[in-house]
Amino acid sequence: MTFGEQPAYLRVASDLREKIANGALPPHTRLPSQARIREEYGVSDTVALEARKVLMAEGLVEGRSGSGTYVRERPVPRRIARSGYRPDKGASPFRQEQTAEGARGTWESRSEQEGASPETAERLGIEPGDRVMRTHYVFREAGEPIMLSTSWEPLAVTGRTPVMLPEEGPLGGCGVVDRMAAIDVVVDNVAEEVGARPGLAEELLALGGVPGHVVIVIGRTYYASGRAVETADIVVPADRYRIAYHLPVR
């Protein structure tokens, strides 16, 4: 076979990747051994090992202790809907956004006070060390973890109010917009930045991913008259989900 100018390990990985994609190496099939790769492609043991590492980092194969390396079953990506619409006042935003997809969304959360880190303080427009309410969420669909979120709200805004704890009280679980409105803070803008990175070990453990898998990260901030009243990092496994936006046209 004729290869281009790529490093040898990438050329081997590319050919194996193509075999996985076209079904020549179907899910649950054992990947050719290091010796077999060396013989078939005429490369060194080091090149064969690095090619296998590339496929593992891409999440295409997985190692099984004492057994070898196998092709992973590739899930068909599902959509997680995000919307600028809030049609049902008082309902959970997560539940609203999943309704159109027919999902059965549930979540669990944990809140605690802490001093704002420099990054969080910058996003909220406050001083590092200022007190914030940090809430960590695990969102599930039919029991399967699909999304993590960590939010921070400045206690200068919500402290000593009925909405200080996002998931408790009369408006617990109703979302930032309705909760802030209850204390006369009118949220009029939301900004989101979307990026991707390798998942952290604790994130992949919570989401059921494999080390090295990529996650989508959404950095969201709600504003009221230019003042940030909540910021959050939302983490979604990139191999299983796509983010679908439905935004109003003005």
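Quick notes on this one:
- Scanning segment 134-158 for residues that are surrounded by 15 or more Cβ atoms within 10 Å (Cβ to Cβ) and touching a Gly at 6+ places or on another chain (Cβ under 8 Å) gives Phe139, Arg140, Glu141, Pro145.
- Residues that are closer than 12 Å to Arg227 by Cα and not in a loop (DSSP other than H, G, I, E, B) within segment 179-190 comprise Asn189, Val190, listed in sequence order.
- Among the residues making up segment 64-84, those that are open to solvent by 60 Å² or more (accessible area, probe 1.4 Å), closer than 21 Å to Val236 by Cα and out of contact with any Lys or Arg (no Cβ under 6 Å at 6 or more places or on another chain) are Glu73, Arg74, Val76, Arg78.
- Leu247 aliphatic (A, V, I, L, M), in contact (Cβ under 8 Å) with a residue 60 or more places away in the chain and either open to solvent by 30 Å² or more (accessible area, probe 1.4 Å) or more than 23 Å from Glu108 (Cα to Cα) (or both): yes
- Pair list, Cβ under 6 Å, 6 or more apart: segment 173-201 residue of a type outside the set (S, T, N, Q), other residue part of a helix (DSSP H, G or I): Gly175/Pro93; Val187/Val177; Val187/Met180
- Of all the residues in segment 26-63, those that are under 25 Å from the mean Cα position of the chain (by Cα), open to solvent by 70 Å² or more (accessible area, probe 1.4 Å) and either hydrophobic (A, V, I, L, M, F, W, C) or under 20 Å from Gly208 (Cβ atoms) (or both) number 2.
The values are calculated or read from the model by the stated rules, or taken from the named source; none is laboratory data. Predicted, not measured: the structure shown is a model, and the values here were computed from it. When we count neighbours, we look across all protein chains shown, and the Cβ atoms used for this are built from the backbone with ideal geometry, even at glycine. Ligands, DNA and RNA are excluded from the accessible area calculation, which covers all protein heavy atoms including side chains. Shrake-Rupley method; radii C 1.70, N 1.55, O 1.52, S 1.80 Å.
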